[in-house]
Amino acid sequence: MENIKSLYKDLYKIYGDVGKWWPGTSEEIFVSAVLTQNTNWKNVEKALENIYKYTNSKNILKDLHNFSQQEIAELIKPAGFFNLKAKRLKNLLSFLSNFDFNIEKLKNLDETFLRNELLKIKGIGKETADSILLYALNKPFFVVDAYTKRIIDRMYGIKEKNYDKVQKIFYEAYPRDTDLYQKLHGLIVEHAKSKCKKIPLCSFCELSLKCLFHTST
């Protein structure tokens, strides 16, 4: 546990300040959090470009809500699994309609209540809900993804796969801070994509001497 407390500083030394990391306005992040499921960011960008061709850029949530599920599916085809994601987006947009698509209204809600409400939406799991909370609503919920699990397994020998338990590890190691969580999650993703890939590039990794995976091989 002590070692994981240095993860942020270690990654910061390599990649610097990644800022908020997840691009876009709050409205865009609500959409991209669903679109990014099981695909890469380039495909998400293509889907967002399609959406902007047919929506008012000032209120894409409200405009998308007025589209049929089939129409949304056509727009988001580049993101893959478009029929499933269109259904999930419609479910999320239906929820947002209860708040007139007003992001500020959502930000004023109790964060635990809001997370529970998001998780009630069919197709919105913990990773997607926490991504929305952290990046769209600036709430201090740490996002756990496959990259997170990969890095803590390789670096620290933590083989835990349960979302809540992995999240708890980070809550115990770091203060509940939105800015910190945004940056730390971004740094983890950057490291997993550039060095700690499925087939790791250990010989190019600045953290190789601190990594159990590398030092044990």
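No lab work stands behind these numbers, since they all come straight from the coordinates. Just so we're clear, the structure is a prediction, and the values are computed from it rather than from any experiment. Methodologically, a virtual Cβ is constructed for each residue, glycine included, from the backbone with ideal geometry; neighbour enumeration extends over all protein chains shown.
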Cα-Cα over 30 Å, subset of 53/149; 120/161; 159/193; 62/165; 58/193: 53/149; 62/165; 58/193
Quick one: what Rg and Dmax do you get for the stretch 26-136 from the alpha carbons, in Å? 12.8, 35
The stretch 121-126 - phi-based ³J(HN,Hα) in whole Hz, Karplus 6.51/-1.76/1.60, Gly and Pro as x: 6, 4, x, 9, x, 5
Note: residue 17 to residue 108 extended length (0.36 nm per residue) minus current alpha-carbon separation gives 29.9 nm
What distance in nm lies between label points placed 7 Å from Cα along the C-beta direction at residue 5 and residue 204? 3.3
With θ set to phi - 60° and the Karplus curve 6.51 cos²θ - 1.76 cosθ + 1.60, what are the ³J(HN,Hα) couplings of the stretch 158-166 in order, to the nearest whole Hz, using x for Gly and Pro? 8, 9, 5, 10, 5, 4, 4, 5, 5
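Gain in length, residue 138 to residue 161, computed as 0.36 nm per residue apart minus the alpha-carbon separation, to one decimal in nm?
So the extension gain works out to 5.7 nm.
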Grab the Cα-Cα distance for residue 171 and residue 94, subtract it from 0.36 nm times how many residues apart they are, and report the gain in nm with one decimal. 24.6 nm
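Report, in deg cm²/dmol and to the nearest 500, the calculated mean residue ellipticity at 222 nm for the chain, where each DSSP H run with n ≥ 4 adds -39500 (n - 2.57) and the sum is divided by the residue count.
Only helices count here, giving -16500 deg cm²/dmol.
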